[in-house]
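Here the structure comes first, spelled out in structure tokens, and everything after it is commentary.
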Amino acid sequence: MNLIDLTIHEMQQQLADGTTTAVALTEAFLKRIHATDEQLNAFITVCDEEALAAAREADAQRAAGNVLPLTGIPVALKDIFVTEGIRTTCASKIFGDFISPYDGTAVRKLKEQGAVIVGKLNMDEFAMGSSNENSAFGPVRNPWNSDCVPGGSSGGSAACVAARQAAASLGTDTGGSIRQPASHCGVVGLKPTYGRVSRYGVIAYASSLDQVGPLTRDVRDCAIMLGAVAGYDAADSTSVDTQVPDYLANLEQGVAGRKIGLPKEYFIDGLDDDVKQAVDDAVAKYRELGAEIVEVSLPHTKYAVACYYVVATAEASSNLARYDGVRYGERVDEGKGLIDMYSQTRAAGFGDEVKRRIMLGTYVLSSGYYDAYYLKAQRVRALIRQDFIDAFEQVDCILTPVASTAAFGLGEKTSDPLQMYLSDIFTLSANLAGICGLSLPCGLSDNKLPIGVQLLGKPFGEAELLQTAYAYEQASDWQGQLPTL
Ligand code: GLN
């Protein structure tokens, strides 16, 4: 088997028995990146030298008997994680050649577990988008069909795993940005519970919604990656001080007797036939595996998109105020004074979608509209969260589509921002509610593009969620299906 086709757990095996080395793995992935990325554009920065040095160090550590779960495993990072010594762009011009003096916590943890960072991945600018077309570095192409988007905003993170350019990646998910691209690229993507993974060193979009998570080839790899990055961090006051379970310990427990809820509001008109079929088949499979399927209701679902686009843009307008040409990156200064320098810098540095969000967010926070929009959205958010708390009284997990269609064509939705915003209709409630959610491959569309099913779990219920996903994955035909590239 080709080295790049291995999962993390298979690599661990081969590294342990001496069949391969970290250097061989890293060389294989770097070669693959250089052979395919002109077409895919999944990477903004490839770190050949740093990766090979880290791989040599990993092999030395292994020879000395110091073996950790990710020792020698090549992974890649969405370019929203700051990395010491390696450029971070957030896919925006405004960062210029910004190089962070420190590693974000998730990055530090991966390195401490022995991982080899092969590069920084393309994304929508500031993680705003659902197609990866809002990047200052150009769009990412879907490895299954290069005329299609990979999804967004973690489009590079999903495409690179599907295209076997890295064993796994990290993304962030504010309204679906891990789960939706995972679905469109046919990989596993997990958005942990808010507070499960530290956001320290993650460039902020909407701080009350942002969460870090893995994109992987299979569920076991997802459990390994989550275990590596989860946990309390004193540097992020919103990270929660609760024990990190061993996500691999009971992975094979099965779903017999588990209750899975189907929210009736999610099986709506507008769902493509092949998506509906694939999700129905997944439900049938769970029934066969012994789960009990129960209808549940999340009555405030219809307000989720509107609520999200008020809360997220409000937080974005505040978070992005710091990019003023004084402290970071590029500055445009025509010598006409400070205010002019601010506005010239921001006009030149931000892309259209980012500007749209800043304007929307500033509007909903302005004194005349704060109560009518922002405060009201916060109230709606509480109702959406309560819907989930009520549903989880009845069921262990909730199953829904990830997106209403498979990957759409490049350019298909760029002229209509509202259509683009609607692509997140099934994913953004989980962020508003703060719960965990996972996207799992469950079929192929008529035009041979992957379809994902979404499993939503209780707060800090990642272990159970991974068990539920694993049971389906082992019983389904979709495990490990990858594009031929
Ligand atoms: N597509 C959504 C947005 O544009 C979600 C993005 C995300 O999760 N980062 O805001």
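Scan segment 311-342 for residues that are surrounded by 14 or more Cβ atoms within 10 Å (Cβ to Cβ), away from the ligand (no atom under 16 Å from the Cβ) and not acidic (Asp, Glu) and report the count.
Number satisfying all stated conditions: 8.
In segment 97-116, what residues are buried (at least 24 other Cβ atoms within 10 Å of the Cβ) and either within 17 Å of Ile33 (Cβ to Cβ) or touching a Pro at 6+ places or on another chain (Cβ under 8 Å) (or both)?
Passing the criteria: Ala115, Val116.
Which residue, of Leu320, Leu251, Leu271, is assigned to a loop (DSSP other than H, G, I, E, B), out of contact with any Asp or Glu (no Cβ under 7 Å at 6 or more places or on another chain) and over 16 Å from Tyr470 (Cα atoms)?
After applying the criteria, what remains is Leu271.
Just a yes or no: is a residue in segment 377-390 in a strand (DSSP E or B) and at pLDDT 95 or above?
No, segment 377-390 has no match at all.
Are any residues in segment 203-223 in a loop (DSSP other than H, G, I, E, B), within 16 Å of the ligand (Cβ to nearest atom) and of a type outside the set (Asp, Glu), and if so, which ones?
Ile203, Ala204, Tyr205, Ala206, Ser207, Ser208, Leu209
How many residues, within segment 50-66, are farther than 15 Å from Ala76 by Cβ, in a helix (DSSP H, G or I) and not hydrophobic (A, V, I, L, M, F, W, C)?
So the answer is 5.
Scanning for something β-branched (Val, Ile, Thr), outside any loop (DSSP other than H, G, I, E, B) and touching a residue at least 24 places away in the same chain (Cβ under 8 Å), does segment 397-408 turn up at least one residue?
yes
For every residue, the table says whether it meets (1) farther than 30 Å from Arg108 by Cβ; (2) without any contact (Cβ under 8 Å) to a residue 12 or more places away in the chain.
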residue: Arg179; (1), (2): no, no
residue: Tyr194; (1), (2): no, no
residue: Ser237; (1), (2): no, yes
residue: Gln277; (1), (2): yes, no
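When you look at Ile435, is it β-branched (Val, Ile, Thr) and over 16 Å from the mean Cα position of the chain (by Cα), yes or no?
Answer is no for this residue.
Here are Ser135, Ser177, Ser130: which of them is outside any strand (DSSP E or B) and either under 21 Å from Ala230 (Cα atoms) or more than 14 Å from the ligand (Cβ to nearest atom) (or both)?
Sole residue among the options that is outside any strand (DSSP E or B) and either under 21 Å from Ala230 (Cα atoms) or more than 14 Å from the ligand (Cβ to nearest atom) (or both): Ser177.
Of all residues being surrounded by fewer than 15 Cβ atoms within 10 Å (Cβ to Cβ) and among the small types (Gly, Ala, Ser) in segment 236-255, which is farthest from Arg196 (Cα to Cα)? Just the residue, please.
Going through the qualifying residues, I end up with Ala249.
Are there any pairs with C-beta distances below 6 angstrom linking a residue in segment 356-371 that is assigned to a helix (DSSP H, G or I) to a residue that is away from the ligand (no atom under 16 Å from the Cβ), with the two at least 6 apart or on different chains, and if so which?
The qualifying pairs are Val364/Tyr373; Val364/Tyr374; Leu365/Tyr374.
Being away from the ligand (no atom under 16 Å from the Cβ), outside any helix (DSSP H, G or I) and farther than 23 Å from Asp48 by Cβ is true for just one of Tyr200, Tyr194. Which residue is that?
When all the criteria are applied, what remains is Tyr200.
Working carefully through the options Ser130, Ser146, Ser157, find the one that is surrounded by fewer than 24 Cβ atoms within 10 Å (Cβ to Cβ) and among the polar types (S, T, N, Q).
The conditions single out Ser146.
Checking the condition small (Gly, Ala, Ser), touching a residue at least 12 places away in the same chain (Cβ under 8 Å) and either outside any helix (DSSP H, G or I) or out of contact with any Pro (no Cβ under 8 Å at 6 or more places or on another chain) (or both), which residue from Ala256, Ala284 passes?
The conditions single out Ala256.
Taking Val75 as meeting all but one of (1) within 22 Å of Asp236 (Cβ to Cβ); (2) touching a Gly at 6+ places or on another chain (Cβ under 9 Å), write down the number of the exception.
Single failed check for Val75: (2).
Among (1) exposed (fewer than 13 other Cβ atoms within 10 Å of the Cβ); (2) modelled with pLDDT under 95, where does Asp352 come up short?
Answer for Asp352: the failing condition is (2).
So which residues in segment 98-127 are part of a loop (DSSP other than H, G, I, E, B), within 18 Å of the chain's Cα centre (by Cα) and aliphatic (A, V, I, L, M), if there are any at all?
If the condition is that a residue be part of a loop (DSSP other than H, G, I, E, B), within 18 Å of the chain's Cα centre (by Cα) and aliphatic (A, V, I, L, M), then Met123 is the only one that fits.
Residues are listed down the side, and each one gets a yes or a no for (1) surrounded by fewer than 24 Cβ atoms within 10 Å (Cβ to Cβ); (2) among the basic types (Lys, Arg); (3) in a loop (DSSP other than H, G, I, E, B); (4) more than 16 Å from the ligand (Cβ to nearest atom):
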site	(1), (2), (3), (4)
Asp424	no, no, yes, no
Asn431	no, no, no, no
Leu440	no, no, no, yes
Ile451	no, no, no, yes
Gln454	no, no, no, no
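Give me the residue from segment 138-156 that is among the small types (Gly, Ala, Ser) and part of a loop (DSSP other than H, G, I, E, B) and, out of that set, nearest to Ile73 (Cα to Cα).
Only one residue fits best here, namely Ser154.
The values are calculated or read from the model by the stated rules, or taken from the named source; none is laboratory data. Computed from a predicted structure; not experimentally measured. Glycine also receives a Cβ, built like all others from the backbone with ideal geometry; neighbour counts cover every protein chain displayed.
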